[in-house]
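The values are calculated or read from the model by the stated rules, or taken from the named source; none is laboratory data. Here the structure is a predicted model, which is why all the values come from computation and not from measurement. Cβ coordinates were reconstructed from backbone atoms using ideal geometry, including for glycine residues, and neighbour counts include every protein chain displayed.
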Amino acid sequence: MGIFHGIEMGIGYIAHSIFRFIQLVLALTVCGLYGVDLHKANKEHKYSDGKWVYAEVTASLSAFLALLYLIPFVSRVPFAFVADTILFILWIALFGLFGNMYIKEHAEGDSGVQRMKNAVWVDLVNALLWLISAVGMVIYFFKHRNNKTRWTGRATV
């Protein structure tokens, strides 16, 4: 074990941090892509469509959680994979919602429609990243959980 175990843990944490940073960047990208329409509606004193608000909330939650996971040892919280799974479900719902609206749409020179078509694919990438994250956190949880008794902590269960 010794020094090699520490190096393995260091490499694992660096890979984990890079993965979470990519999630953070893509979540902020989605905030920007959908925020353009929300800002335009607000500037024109129109109501904010709930679909776009849902997209912003999902992206904001993802950015917050990805940023939180960049703090050392936060990912070791038991059942952290539940939050990743919930975010995966939110992203898939977002992809389905906007994919239904924009995937078959023809942009025909409309930059707003093209931006939304691009945003749909970024939503899908986010969903896949959160799925990978959830599966990885489940594997980590069951691999590193403490199999000791709760009473004394000495016996192996």
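Counting only residues that are surrounded by fewer than 11 Cβ atoms within 10 Å (Cβ to Cβ) and modelled with pLDDT of 80 or more, which one in segment 1-14 is nearest to residue 91 (Cα to Cα)? This residue is 14.
Tell me which residues, restricted to segment 29-51, are more than 15 Å from residue 118 (Cβ to Cβ), in contact with a Phe, Trp or Tyr (Cβ under 8 Å, 6 or more places away or on another chain) and not small (Gly, Ala, Ser). It would help to see each step written out before you state the result.
Going residue by residue through segment 29-51, those that are more than 15 Å from residue 118 (Cβ to Cβ) are 38-51.
Remaining after also requiring in contact with a Phe, Trp or Tyr (Cβ under 8 Å, 6 or more places away or on another chain): 38, 41, 51.
Listed by number, the residues that qualify are 38, 51.
With respect to the conditions (1) more than 19 Å from residue 135 (Cβ to Cβ); (2) surrounded by fewer than 13 Cβ atoms within 10 Å (Cβ to Cβ), residue 94 lacks only one, and its number is (2). Inside segment 114-148, can you point out the residues that are free of Cβ contacts under 8 Å to residues at least 24 places away in the same chain and in contact with a helix residue (DSSP H, G or I) (Cβ under 7 Å, 6 or more places away or on another chain)? 117 - this is the single residue of segment 114-148 that is free of Cβ contacts under 8 Å to residues at least 24 places away in the same chain and in contact with a helix residue (DSSP H, G or I) (Cβ under 7 Å, 6 or more places away or on another chain). Is one or more of the residues making up segment 74-90 modelled with pLDDT under 95, in a helix (DSSP H, G or I), closer than 20 Å to residue 27 by Cα and of a type in the set (Lys, Arg)? Scanning segment 74-90, I find no residue that is modelled with pLDDT under 95, in a helix (DSSP H, G or I), closer than 20 Å to residue 27 by Cα and of a type in the set (Lys, Arg), so the answer is no.
Examine segment 99-113 for a residue that is surrounded by 20 or more Cβ atoms within 10 Å (Cβ to Cβ) and of a type in the set (A, V, I, L, M), and state whether such a residue exists. First the steps, then the outcome.
Just the residues of segment 99-113 that are surrounded by 20 or more Cβ atoms within 10 Å (Cβ to Cβ), to begin with: none.
No, segment 99-113 contains no residue that is surrounded by 20 or more Cβ atoms within 10 Å (Cβ to Cβ) and of a type in the set (A, V, I, L, M).
Annotation note: of 26, 65, the sole residue that is surrounded by 16 or more Cβ atoms within 10 Å (Cβ to Cβ) and either of a type in the set (Phe, Trp, Tyr) or farther than 17 Å from residue 115 by Cβ (or both) is 65. Residue 55 - would you say it is more than 18 Å from the chain's Cα centre (by Cα) and surrounded by 13 or more Cβ atoms within 10 Å (Cβ to Cβ)? Against the criterion (more than 18 Å from the chain's Cα centre (by Cα) and surrounded by 13 or more Cβ atoms within 10 Å (Cβ to Cβ)), residue 55 does not qualify.
Each row is one residue, and each column tells you yes or no for (1) of a type in the set (Phe, Trp, Tyr); (2) in a helix (DSSP H, G or I); (3) farther than 20 Å from residue 17 by Cα.
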{"site": "32", "(1), (2), (3)": "no, yes, yes"}
{"site": "47", "(1), (2), (3)": "yes, no, yes"}
{"site": "68", "(1), (2), (3)": "no, yes, no"}
{"site": "72", "(1), (2), (3)": "no, no, no"}
{"site": "105", "(1), (2), (3)": "no, no, yes"}
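Contact map, segment 8-34: residues that are closer than 12 Å to residue 63 by Cβ paired with residues that are among the β-branched types (Val, Ile, Thr) and modelled with pLDDT of 95 or more, Cβ distance under 8 Å, separation 6+ or inter-chain. Pairs shown: 26/122; 26/125; 29/122; 30/58; 30/122.
The residue that is farthest from residue 93 (Cα to Cα), among those in segment 126-138 that are surrounded by fewer than 17 Cβ atoms within 10 Å (Cβ to Cβ) and hydrophobic (A, V, I, L, M, F, W, C), is 138. Taking segment 34-45 as the range and being outside any helix (DSSP H, G or I) and either modelled with pLDDT under 85 or under 12 Å from residue 97 (Cβ atoms) (or both) as the test, only 45 passes.
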